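Below are the structure tokens for one structure; questions will follow.
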Amino acid sequence: MASFFIYILKWAISLALLYSLYGLFLRKETFHTFNRTVLLCILVLSMVMPFCVFTTSHETLTSSSFSQIETAITSSTFLSEGKSTSVAVYPEISVTPKAETSSFHLNLPRILILIYALGLVFFWLRYAVSFFSLAKVIAGSSKCKDSRLPKCATFLTNNKVQIPFSWFNWIVMNENDLKGPSSIIIHELTHVRRHHSLDMLLCDFASNMLWFLPFSWMLRHDMCDVHEYEADQAVMLSGANPTEYQMLLINNSTGSGLQPLANGFNQHSIKKRLVMMYRKQSSKMARLKVLYILPLAGIALAAFARPAIINDVSEVLKDEEAKAPLLLPSQIVSNPTQSLTEVQIVESIPLEENSEVASLEGSEADPVVLTVTVKEKGGDCLSKANVLIKDKDNRIICHGVTDLNGAATLKVPKGGETLQVSYAGFETFERKIGHLEKVEGTAFIIVDLAPGINVPTLTVVGSPVPVDTADTTPIPSKTESAKKETGSMDDAVFVIVESLPEWAGGTVAMANYISSEIKYPQMACIYREEANVTIEFVVDKYGNQLATKVSDIEDRTPLPQSTYDKAKDGDIYAQERISLHEDVLDQFKTEAKRVVRNLAGKWTPGTQRGEPVNCKMHVPISFVMETSVSH
């Protein structure tokens, strides 16, 4: 279902781009058959282009934006596809307020999709009514047996029809028009011989499917005009008197019983048709204007493009190494930003889940292209997720890091057995991979990261405190209450390891300890300040906790810009308020660091290939006031 809506969106973008300049360059030209071909090509190309996905060496702004739109569509609950398997993983400790979420809620993508579906039903019902009305008129007409009429069409007479029209091989008119000027018959025969009804079926299909797109209806109207121009041109070439034919059009400019699905004699603007008859013939060079389609088609394809496979892994490692100097060159940096406790894998290709001996069907000359997409369930894609493929000896044979769209594309040679997706602070997720079935040379796996259900969510909640009743006792400093960190880092520090360090009692015990020990700063309660603090530390190979520090702080209640402007102008009160705000942020950092330092002495070191190693850890802590939690 999600694929269908993504296709509709791509189709709409393609059609809008390809058709956008038709009116400026070609609509007023007199080569009507050529214009008809151009309109048909625009329709067909716009339908086909969404299936043409190319790769680019670098991610473009258009492809990045469209990928985010695709993610928003596919993340909707009722658009999920495929089966899923839940696997519990080690959660990063996050002290955040517990939020209750409903199993179904409306968001913008869902609302827009529902509106589209309702519109789709309405326009197709309207089309069905028009179709049966047309069929009823044709069925109620009598076949004309006049031998003088051309045999290439079936002529029907119906005195209730005031305006002649044609549909596929049928031409319907009343007896007076049948006995009248031959120009009417020539006009309708042109519609039949040139199969204009097929064009209208294609236009009606596009306009009904893309009912929300004005360009689809404008293209349909232009196609109708081109049909009438072709029929009028055929009448003029047959030797008909131009003045008499124009008067015939004017005399038939009024009437009822028009059939919107058929080609009517006066169905479209008489004025435009009369003007086109007297327009000077366009030069052949004017046909070159159609080349405007090429750059616009390129823009559409660029929007649908995907980043190419990264062949030079050393360049990626060099960039990542600069961001985390402690990381070994053979590893890939992870930058965790979410607190996630469950992984769901949605498999769009067959996998042998319980296969004891499994390998990827690839070779050095013809590797399997594997695209792994990592995203938060019901949310955005996750970047900087580490994706590894290991062989049967647990050696890394290829690796990658997800981009801003949460996607990592790997070239997997023969011998790939295990997929590993990992974040620092989480138990490494691994799974045996069976023989992957190629889909146009590429295999796809979606790793859907979702908030955990069984792991308790911790909250540091502050209650508003009046100034005169506040406890002014300062928060213990690290020298007073924090345990001393001992040990030394004589080896490199890993960010990704096979087995992460574990606190005595496990994750839940550590979360409960932090929840019971941490205190909301009194000054922050008075001024109702909130913040998110991330503490970083290293657990060395001996189980010592080292280098505890604040790696990041997010101010959840920043001061308004006007306060800083007033401070620059010399406002003493504004300056004092800024100073107090900075002091509160320092208290948040001090308290978070104090509690995390107290975790020292209870760690079991992490291991890599069975050997204990130094490992970097992150603990994000959120300080939230009661009113924020309740809402």
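The values are calculated or read from the model by the stated rules, or taken from the named source; none is laboratory data. The model shown is predicted, which means the values in this text are computed figures rather than measured ones. A quick note on method: Cβ atoms are made from the backbone with ideal geometry, for glycine too, and the neighbour counts reach across all protein chains shown. What goes into the accessible areas is simple: the full protein's heavy atoms, side chains included, and nothing from ligands, DNA or RNA. Shrake-Rupley method; radii C 1.70, N 1.55, O 1.52, S 1.80 Å.
For Ser182, only one of the following conditions fails: (1) more than 50 Å from the chain's Cα centre (by Cα); (2) over 17 Å from Ile250 (Cα atoms). What is its number?
(2) is the only condition that Ser182 fails.
Here is a further query. Looking only at the stretch 415-442, how many residues end up being under 24 Å from the mean Cα position of the chain (by Cα), aliphatic (A, V, I, L, M) and at pLDDT 60 or above?
So the count comes out to 1.
State yes or no: is Ile514 in contact with a helix residue (DSSP H, G or I) (Cβ under 6 Å, 6 or more places away or on another chain), farther than 14 Å from Asp586 by Cα and surrounded by 14 or more Cβ atoms within 10 Å (Cβ to Cβ)? Lay out the reasoning, then the answer.
Working: in contact with a helix residue (DSSP H, G or I) (Cβ under 6 Å, 6 or more places away or on another chain): yes; farther than 14 Å from Asp586 by Cα: yes; surrounded by 14 or more Cβ atoms within 10 Å (Cβ to Cβ): yes.
So Ile514 fits the description; yes.
Determine, yes or no, whether Val455 is modelled with pLDDT of 70 or more, open to solvent by 10 Å² or more (accessible area, probe 1.4 Å) and within 23 Å of Met617 (Cβ to Cβ).
no
For residues in the stretch 375-414 being open to solvent by 30 Å² or more (accessible area, probe 1.4 Å), farther than 23 Å from Ala305 by Cα and modelled with pLDDT of 70 or more, which is farthest from the chain's Cα centre (by Cα)?
Asp393
Taking Ile310 as the residue in question, decide whether it is in a helix (DSSP H, G or I), at pLDDT below 85, of a type in the set (A, V, I, L, M, F, W, C) and open to solvent by 60 Å² or more (accessible area, probe 1.4 Å).
No; evaluated as a whole, the condition is false for this residue.
Quick one: in the stretch 517-529, of everything that is open to solvent by less than 10 Å² (accessible area, probe 1.4 Å) and assigned to a loop (DSSP other than H, G, I, E, B), which residue is farthest from His581 (Cα to Cα)?
Here the answer is Pro521.
Is it the case that the stretch 203-221 has a residue that's assigned to a helix (DSSP H, G or I), closer than 20 Å to Thr30 by Cβ and in contact with a strand residue (DSSP E or B) (Cβ under 9 Å, 6 or more places away or on another chain)?
Within the stretch 203-221, not a single residue is assigned to a helix (DSSP H, G or I), closer than 20 Å to Thr30 by Cβ and in contact with a strand residue (DSSP E or B) (Cβ under 9 Å, 6 or more places away or on another chain).
Go through the residues of the stretch 242-254 one by one and say whether even a single one is in a loop (DSSP other than H, G, I, E, B), within 26 Å of Leu45 (Cβ to Cβ) and at pLDDT below 95.
no
Are there any pairs, at least 6 apart or on different chains, whose C-beta atoms fall under 6 Å, with the first in the stretch 497-513 and at pLDDT 80 or above and the second assigned to a helix (DSSP H, G or I), and if so, which?
These pairs meet every condition: Trp503/Met510.
Checking Thr154 against (1) out of contact with any Phe, Trp or Tyr (no Cβ under 6 Å at 6 or more places or on another chain); (2) free of Cβ contacts under 8 Å to residues at least 40 places away in the same chain; (3) farther than 27 Å from Phe34 by Cα: exactly one of these is not met. Which one?
(1)
When you scan the stretch 10-33, how many residues do you find that are open to solvent by 50 Å² or more (accessible area, probe 1.4 Å) and either on the phi > 0 side of the Ramachandran plot or in a helix (DSSP H, G or I) (or both)?
Count: 4.
Would you list the helices (runs of 4 or more DSSP H) that sit entirely within the stretch 542-631 and hold 1 or more residues that are surrounded by 18 or more Cβ atoms within 10 Å (Cβ to Cβ) and more than 37 Å from the chain's Cα centre (by Cα)?
Numbers: elements: 561-568, 572-597, 626-630.
Counting at least 1 such residues, we get 561-568, 572-597.
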